[in-house]
Amino acid sequence: MTYLEVFYQTLARSMPEWLAYLIPFLVGSIVVLGFLLTTVMVFIYMERRVLGRFQIRQGPNRTGPKGLLQPVADAIKVLTKEDIVPLPGDKVAHFIAPILVFIPTLLIFAVIPFQNGALLADLNIGVMYVAAVGTISVIGAFVAGWGSNNKYSLISAIRAVAQMVSYEVPLMLSMVGVVLIAGSLSLNSIVEKQHIPFIFLQPLGFFIFLAGSLAEINRTPFDLLEADSEIVAGFHTEYSGMKFALFFLGEYAHAVVTSALISVFFLSGWKGFPGLPIFVWFLIKIGLVFTGIIWIRSTLPRFRVDQLMGFAWKFLFPAALVNIFITGLEAMVWPGFPWFVVIINWIVAGAVVASGSLLFVTGKGRILEIPGAKPEGRSLIEAR
Amino acid sequence: MELKTEPMILNMGPQHPSTHGVFRMRVALDGEIVTDLEMVFGYLHRGVEKLAEGRTYTQNVTLTDRMDYLASMTNNFAYVLAVEKLANIQVPERAQYIRVIMAEMMRLSSHLMAIGFFLNDCGAFQTPLLYMYREREKLLDLFEMVCGQRLTYNYMRPGGLSHDLPPEFLPALKRFVREMPAFIDEYDRLLSDNEILLARTKGVGILPREMAISCSASGPVLRASGVAWDLRKADPYSLYDRFSFEIPTGQTGDNYDRYWVRLQELKQSVKILQQAIEQLPDGLHIAPEVPLYLHPAPGEAYGHIESPKGELGFYLVSDGGSAPYRMKIRPPSLINLTALRDMVIGWKIADAITVFGSIDIVLGEVDR
C-alpha cells in the first residue's frame with residue numbers, strides 16, 4: 001500500500017470522499033514538484049562546479065558562499081530577459097514547444113518510488129508509462145526547431161527526430177531484461193525485487209540503458225541536438241527569456257529523471273544499508289549517476305550524425321536483443337536467478353562489447369562523391 | 001521515383017561559435033551533407049600592408065603583432081628578418097638565440113591553442129582546451145616576464161631585441177622545459193587513442209599530397225599531407241642550422257594527421273628549446289650601430305620563417321626613405337585556407353567544422 005493510499009484512508013474518515021481523494025494527490029504532486037525543481041537547482045550548481053573541477057578551473061564561486069546562489073542568479077537573469085519571438089516564425093509552435101519539452105519530464109516523476117510506497121501512482125504498467133511519456137519531449141524539440149524559422153534549428157529538429165526515435169528502441173529493449181528478472185512492470189516492485197542491484201545481473205542492459213539515456217537527454221557524446229560548435233544552440237537557438245529557461249529546466253529535469261530511472265532499474269532504488277534514512281540512499285544514488293553523466297560530458301568528443309545512427313542500429317540494437325535472449329533463457333532455465341548467473345552475464349556483456357568494438361566501424365570514408373569535388377587536377381580558384 | 005529537393009543555403013558565420021573569429025562559410029546543404037562551400041572573409045581587414053607605408057621600419061613591428069595574434073613573436077621575427085636583409089644588419093648571436101627561443105615558445109603556445117580548439121570543434125566540451133590553456137598560461141607568464149605583454153609582444157627590433165632577458169627568465173624557462181614533455185604525453189594519452197576522436201578525424205578532410213603542394217599550403221597542413229617541408233630545415237634562417245630536430249610528417253593528410261603532426265611538433269619544439277638554453281651565449285641583445293630611423297638603400301628583400309601556421313613571409317621594398325615603399329605579406333593562414341572547399345565538399349556539416357578547425361587559422365592574419 002502506498003503512502004498516498006494511507007493518507008486517503010486517514011482523510012476519508014473525516015471528510016467527503018472526493019475531497020479525501022483529491023487532497024493527497026495535490027499534496028503529493030506539490031511535494032514531488034518541489035523536490036524536482038530543488039534537485040534541478042542543485043544539479044545545475046553541481047554540474048557547473050564538478051565540470052569546473054574536471055576542467056581544472058573553479059566554476060562559479062562569486063554569488064553567495066562557494067557560488068551556491070548561482071542558480072538563483074541564473075533564474076533571475078533569465079526571468080528578466082526579453083522574450084523574443086522571430087517574426088517569420090510560427091508563433092503557436094514557438095510558444096507551445098517549451099511546454100511540450102518540460103511537462104513530460106515532470107510526468108515521469110509520478111511513478112518513481114522515493115521509498116517503499118512513496119510514489120504518486122504505483123502503476124502496474126510503470127515501465128510502459130515511462131517509455132511512453134518520456135518520448136513526448138521529442139515532439140517539443142521538433143516543434144521548437146520548426147517554429148523558429150531558423151536553419152540551425154531546423155537541422156537540429158531533423159536530428160532530434162532521427163536520434164530520439166533510433167535510441168528509443170535499444171532503450172526500451174534494455175528495460176525488458178530488468179522486467180524479465182523482476183517479473184513486474186511496476187517500478188516499486190522492481191525495486192523490491194532487487195536483492196542485489198540489477199547492474200550485477202544486467203551489466204549489458206545497464207550499458208545500453210545508459211547510452212540510450214544519454215542520447216535521450218542530449219548529453220555528450222550524443223549531444224547532436226545542441227551541438228554548439230556546429231549548429232549554434234540547435235532547436236533553442238531562437239529562444240530567450242522564460243521560454244529558454246523552460247528548455248533549460250526541462251533538460252536538467254530530464255537528467256534528474258534519467259538518473260532516478262537508472263537508480264531504480266539498476267542500482268536498487270531506495271534500498272541501502274541501514275544507518276541512513278531510505279530516501280537519502282536514493283538521493284545519493286541519483287547524485288552518483290548524475291556525476292557519472294557529467295564525467296562523460298567532460299571527457300568525450302561528439303559523434304557525427306551517421307556514426308550516431310550507426311551506433312544505435314548496428315551496435316546497441318543487436319546487443320539489446322542478445323541481452324533479452326540471454327536473460328530470457330536464464331529466466332526459463334534458472335527461474336531463481338542463482339549467483340552464477342551474474343558471472344555468465346558479465347562474461348556475455350564483456351564479449352558483446354568487445355566484439356562490438358572490434359566489428360563496428362564508426363567512421364567510414366566520404367559520404368558522397370560529387371563529380372567535380374574530386375581534388376585531383378582541379379583549379380583552386382574557380383569562377384562561380 | 002526520384003524526389004528532387006532544393007539545397008539549403010546556410011550562412012555559417014560571421015557570428016558562429018566555431019568560426020574562430022569573423023569568418024563566413026556559405027554552405028549549400030543536402031540534408032546534412034555539404035554540397036558546396038564558399039568562403040567569405042575580409043571582415044577583419046585593417047589594411048596592415050598600406051598602414052606600413054606610412055610608418056617607420058621600427059614602428060611597423062607593432063603592426064605585425066596584430067596579424068596572427070596567437071603567435072605575435074614569430075610575426076615580429078619574420079618582419080625583422082626582412083628588414084635586416086633589406087638594410088644589411090648583422091644581429092648579435094645572443095639576440096639570435098633569444099629569437100629562436102621566443103619563436104619555439106610561440107610555436108608551443110600556438111599549437112596548444114590549435115589542438116585545443118580543434119578538439120572543441122570535435123565536440124569535446126572544453127576539457128582538452130582548458131588543459132592546453134594550463135600550459136599556455138605558463139608560456140604567457142614567461143612572455144610577460146620578457147616584455148611585459150601577454151598577447152602583443154612588440155619585442156623584436158631590426159638588429160636585435162628591445163631589451164635583454166630578465167635574470168628570472170632562464171630558471172623559469174628551464175623548469176617549463178623540464179615539465180613540458182610529461183604534459184605532452186598526458187595530452188597524447190588523453191586524446192590520441194580516443195575511439196570517438198579517431199572516428200571523427202581518421203580519413204576525414206583529406207588533403208592529398210599533390211594538391212597540398214599545388215595550392216602552396218605550408219606548415220603542419222602541408223607536412224600532414226606527407227611533404228617534409230619545413231623552412232627551418234629547407235632554408236635555415238637565423239640559427240636553425242645549429243639545432244638537431246626532426247620534421248614529423250603525416251601520411252594521408254586527414255584531420256588526424258594534422259592533429260598528430262602538431263602534437264609531435266610540440267615535442268620537437270621542446271627539444272630545440274633545450275638545445276638553445278644550453279648554447280645561449282653572453283653578449284649584446286641588439287646591434288649597437290643600428291639607428292632608430294632606418295634609411296635602407298633602395299632595393300627589396302623577402303624574409304620568411306616557419307611560423308606555427310606555415311610559411312610567413314614579408315616582402316619589403318625600400319625607396320631610401322624612412323618607411324617601406326611597399327610591404328607585402330604572405331599569410332600562411334589565408335593560403336592554407338584556400339584548400340578548405342575541396343576538403344569539405346561531400347562530407348557532413350559536422351566535418352566541415354572539424355576540417356576548418358584542423359587547418360588552424362587566425363582571422364587577424366587571414367584578413368590583415
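Of the residues making up segment A:75-122, those that are aromatic (Phe, Trp, Tyr) and in a helix (DSSP H, G or I) are A:95, A:102, A:109. Selection over segment B:1-21 of residues that are part of a loop (DSSP other than H, G, I, E, B), of a type in the set (Val, Ile, Thr) and surrounded by fewer than 18 Cβ atoms within 10 Å (Cβ to Cβ) gives a count of 1.
Do the conditions hold for residue A:248, that is, is it more than 14 Å from every other protein chain (Cβ to nearest Cβ), modelled with pLDDT of 80 or more and at negative phi? Against the criterion (more than 14 Å from every other protein chain (Cβ to nearest Cβ), modelled with pLDDT of 80 or more and at negative phi), residue A:248 qualifies. Only residues that are surrounded by 20 or more Cβ atoms within 10 Å (Cβ to Cβ) and not polar (S, T, N, Q) were counted across segment A:183-198, and they come to 4.
Against the numbered list (1) away from chain B (no Cβ under 14 Å); (2) closer than 25 Å to residue A:251 by Cβ, residue A:59 comes up short only at (1). Candidates A:174, A:156, A:166, A:184: the one that is within 22 Å of residue A:286 (Cα to Cα), of a type in the set (Ser, Thr, Tyr) and either in a helix (DSSP H, G or I) or in contact (Cβ under 8 Å) with a residue 60 or more places away in the chain (or both) is A:174.
Quick check, is residue B:68 part of a loop (DSSP other than H, G, I, E, B) and among the charged types (D, E, K, R)? Show your work before the answer.
Details: part of a loop (DSSP other than H, G, I, E, B): yes; among the charged types (D, E, K, R): yes.
Yes, satisfied.
Only one of the numbered conditions (1) surrounded by 24 or more Cβ atoms within 10 Å (Cβ to Cβ); (2) aliphatic (A, V, I, L, M); (3) not in a helix (DSSP H, G or I) is violated by residue A:208, and that is (3).
How many residues are hydrophobic (A, V, I, L, M, F, W, C), under 30 Å from residue B:93 (Cα atoms) and out of contact with any helix residue (DSSP H, G or I) (no Cβ under 7 Å at 6 or more places or on another chain) when one looks only at segment B:180-237? Give the derivation first.
From segment B:180-237, those hydrophobic (A, V, I, L, M, F, W, C) are B:180, B:182-184, B:190-191, B:196-199, B:204, B:206-207, B:211-213, B:215, B:217, B:221-222, B:224, B:227-229, B:231, B:234; that's our starting set.
Subset that is under 30 Å from residue B:93 (Cα atoms): B:180, B:228-229, B:231, B:234.
Next cut, out of contact with any helix residue (DSSP H, G or I) (no Cβ under 7 Å at 6 or more places or on another chain) only: B:228, B:231, B:234.
Within segment B:180-237, residues that are hydrophobic (A, V, I, L, M, F, W, C), under 30 Å from residue B:93 (Cα atoms) and out of contact with any helix residue (DSSP H, G or I) (no Cβ under 7 Å at 6 or more places or on another chain) number 3.
Taking the criterion of being crowded, with 20+ Cβ neighbours inside 10 Å, in contact with an Asp or Glu (Cβ under 8 Å, 6 or more places away or on another chain), touching a residue at least 24 places away in the same chain (Cβ under 8 Å) and at negative phi, would at least one residue in segment A:253-262 satisfy it?
Of the residues in segment A:253-262, the ones crowded, with 20+ Cβ neighbours inside 10 Å are A:253-262.
Going one step further and asking which of them are in contact with an Asp or Glu (Cβ under 8 Å, 6 or more places away or on another chain), we end up with A:254, A:258.
Still in the running and touching a residue at least 24 places away in the same chain (Cβ under 8 Å): A:254, A:258.
Narrowing the set further to residues that are at negative phi leaves A:254, A:258.
Yes: one or more hits.
Could you tell me which of the residues B:34, B:100 is away from chain A (no Cβ under 14 Å), in contact (Cβ under 8 Å) with a residue 60 or more places away in the chain, touching a helix residue (DSSP H, G or I) at 6+ places or on another chain (Cβ under 6 Å) and not in a loop (DSSP other than H, G, I, E, B)? Steps first, answer last, please.
Values: B:34 fails: away from chain A (no Cβ under 14 Å).
None of the other options fit; the residue is B:100.
Taking every residue in segment A:76-94 that is surrounded by 11 or more Cβ atoms within 10 Å (Cβ to Cβ) and pairing it with any residue that is among the acidic types (Asp, Glu), at least 6 positions away or on another chain, the pairs with Cβ-Cβ distances below 8 Å are A:84/A:238; A:86/A:238; A:89/A:238; A:94/A:238. Just wondering, is there one or more residues in segment B:67-80 that are under 26 Å from residue B:304 (Cα atoms) and within 14 Å of another protein chain (Cβ to nearest Cβ)? No - not one qualifying residue is present in segment B:67-80. Scanning segment B:170-222 for residues that are charged (D, E, K, R) and without any contact (Cβ under 8 Å) to a residue 40 or more places away in the chain gives B:175, B:178, B:179, B:185, B:189, B:193, B:195, B:210. The number of residues in segment A:201-234 being in contact with a Phe, Trp or Tyr (Cβ under 8 Å, 6 or more places away or on another chain) and more than 15 Å from residue A:311 (Cα to Cα) comes to 11. Residues that are more than 27 Å from residue B:129 (Cβ to Cβ), part of a helix (DSSP H, G or I) and of a type in the set (A, V, I, L, M, F, W, C) within segment A:43-74 comprise just one, A:72. List the residue pairs whose Cβ atoms are under 6 Å apart, where the first residue sits in segment A:1-23 and is under 19 Å from residue A:114 (Cα atoms), the second is surrounded by 16 or more Cβ atoms within 10 Å (Cβ to Cβ) and modelled with pLDDT under 75, and the two are 6 or more positions apart or on different chains. Pairs that qualify, where the first residue is under 19 Å from residue A:114 (Cα atoms) and the partner is surrounded by 16 or more Cβ atoms within 10 Å (Cβ to Cβ) and modelled with pLDDT under 75, are A:2/A:117; A:3/A:117; A:3/A:118. Based on this model, can you work out whether residue B:256 counts as in a helix (DSSP H, G or I), under 21 Å from the mean Cα position of the chain (by Cα), among the aromatic types (Phe, Trp, Tyr) and within 12 Å of another protein chain (Cβ to nearest Cβ)? Considered against the rule, which asks whether it is in a helix (DSSP H, G or I), under 21 Å from the mean Cα position of the chain (by Cα), among the aromatic types (Phe, Trp, Tyr) and within 12 Å of another protein chain (Cβ to nearest Cβ), residue B:256 comes out as yes. Of the residues making up segment B:187-228, those that are away from chain A (no Cβ under 14 Å), crowded, with 21+ Cβ neighbours inside 10 Å and in a loop (DSSP other than H, G, I, E, B) are B:218, B:219.
Hey, does segment B:79-88 have a residue that's surrounded by 24 or more Cβ atoms within 10 Å (Cβ to Cβ), within 20 Å of residue B:266 (Cβ to Cβ) and either of a type in the set (Gly, Ala, Ser) or in contact with a Ser or Thr (Cβ under 7 Å, 6 or more places away or on another chain) (or both)? Within segment B:79-88, none of the residues are surrounded by 24 or more Cβ atoms within 10 Å (Cβ to Cβ), within 20 Å of residue B:266 (Cβ to Cβ) and either of a type in the set (Gly, Ala, Ser) or in contact with a Ser or Thr (Cβ under 7 Å, 6 or more places away or on another chain) (or both). Looking only at residues in segment B:116-162 that are polar (S, T, N, Q) and in a helix (DSSP H, G or I), the one that is farthest from the chain's Cα centre (by Cα) is B:127.
The values are calculated or read from the model by the stated rules, or taken from the named source; none is laboratory data. Note that the coordinates shown come from a computational prediction; the quantities given were computed from them, not determined experimentally. When we count neighbours, we look across all protein chains shown, and the Cβ atoms used for this are built from the backbone with ideal geometry, even at glycine.
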